[in-house]
Amino acid sequence: MVSFLRTLRSARRVGLKEWWRQLNYIGDAKSGAYIGTDQFGNRYFENRNAEEEIPGRHRWVDFSQHFYHNSQVPPEWHSWLQHIRKEAPTQDAVMQNSTQPWKAPWTETLTGTRGAYKSYNTAAPKMYAWEPKVKARE
């Protein structure tokens with residue numbers, strides 16, 4: 001019954017539209033404090049109430065795209081989600097001041113899409129497909 005009551009409490013806190021969206025996307029109704037947004041538009045939340053959330057599951061991401069995967073979470077936010085860093089990137093002064101000039105902007109992995117990397121082979125093939133030779137009939 002606790003999860004049912006928590007679901008009803010969450011519906012009251014976040015509103016019916018957001019509550020229904022959460023049930024369809026993440027399969028759970030959560031409510032918590034908004035922490036920040038990354039360059040992909042993903043929103044990050046945290047709920048420190050031990051009565052509502054299981055320890056270790058109190059930080060979550062709300063993806064901006066309908067078809068999402070884990071590579072859409074940048075490394076600095078991933079370290080916060082996995083409790084490697086205590087402070088979120090928006091609140092951590094070290095993360096905000098550590099932008100290196102050589103650091104490339106983060107992009108998601110394109111494996112399985114049209115934009116995936118395809119290598120180009122310059123070596124000649126060692127085996128060829130069999131092609132039958134047909135003689136003309138006499």
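Bear in mind that the values in this text are calculations on the coordinates, not laboratory data. What you are looking at is a predicted structure, and each value in this text was computed from that prediction instead of being measured. Note that each Cβ is placed from the backbone with ideal geometry, even for glycine, and that neighbours are counted across all protein chains shown.
Using only C-alpha atoms and all pairs of different ones, pull out the Kirkwood radius for the range 95-138 in Å with one decimal.
Details: mean 1/r = 0.0585 Å⁻¹.
The answer is 17.1 Å.
Helix 16-25 sits at what angle to the longest principal axis of the chain, using alpha carbons and giving 0 to 90 degrees rounded to 10?
Helix 16-25 sits at roughly 40 degrees to that axis.
Using amide H atoms built 1.01 Å from N in the peptide plane, name the residues 5+ places from I35, or on other chains, whose amide H lies under 5 Å from its own.
Y44, F45, E46
With unit charges on the beta carbon (Lys/Arg positive, Asp/Glu negative), name the residue among I54, S79, Q65 whose Cα is farthest towards the positive pole of the charge dipole of the chain.
Q65
Spin-label point model (7 Å from Cα, Cβ direction): what's the A129 to R48 distance in nm?
Between A129 and R48, the label points sit 6.4 nm apart.
Among 4-16, 97-109, how do they line up from the highest to the lowest mean number of other beta-carbon atoms within 10 Å?
Numbers: 4-16: 13.8, 97-109: 8.8.
By packing density, highest mean first, the sequence is 4-16, 97-109.
With charges set only on the Cβ (+1 for Lys and Arg, -1 for Asp and Glu), what does the dipole of the range 11-67 come to about its Cα centre, in debye to the nearest 20?
Details: 9 positive and 8 negative charges, 29 e Å.
Roughly 140 debye, rounded to the nearest 20.
Can you tell me the dipole magnitude for the range 61-109 around its Cα centre, using point charges on the Cβ only (Lys, Arg +1; Asp, Glu -1), in Debye to the nearest 20? Before the final figure, lay out each step's value.
Numbers: 3 positive and 5 negative charges, 26 e Å.
That gives a dipole near 120 debye.
Can you compute the equivalent ellipsoid semi-axes for the chain, i.e. the square root of 5 times each eigenvalue of the Cα gyration tensor, sorted largest first and rounded to whole Å?
Numbers: eigenvalues 453, 120, 29 Å².
In descending order, the three semi-axes are 48, 25, 12 Å.
Mind checking the log10 I(q)/I(0) for the range 13-80 at q = 0.13, 0.20 Å⁻¹? Debye, one equal scatterer per Cα, no solvent, two decimals.
-0.36, -0.89
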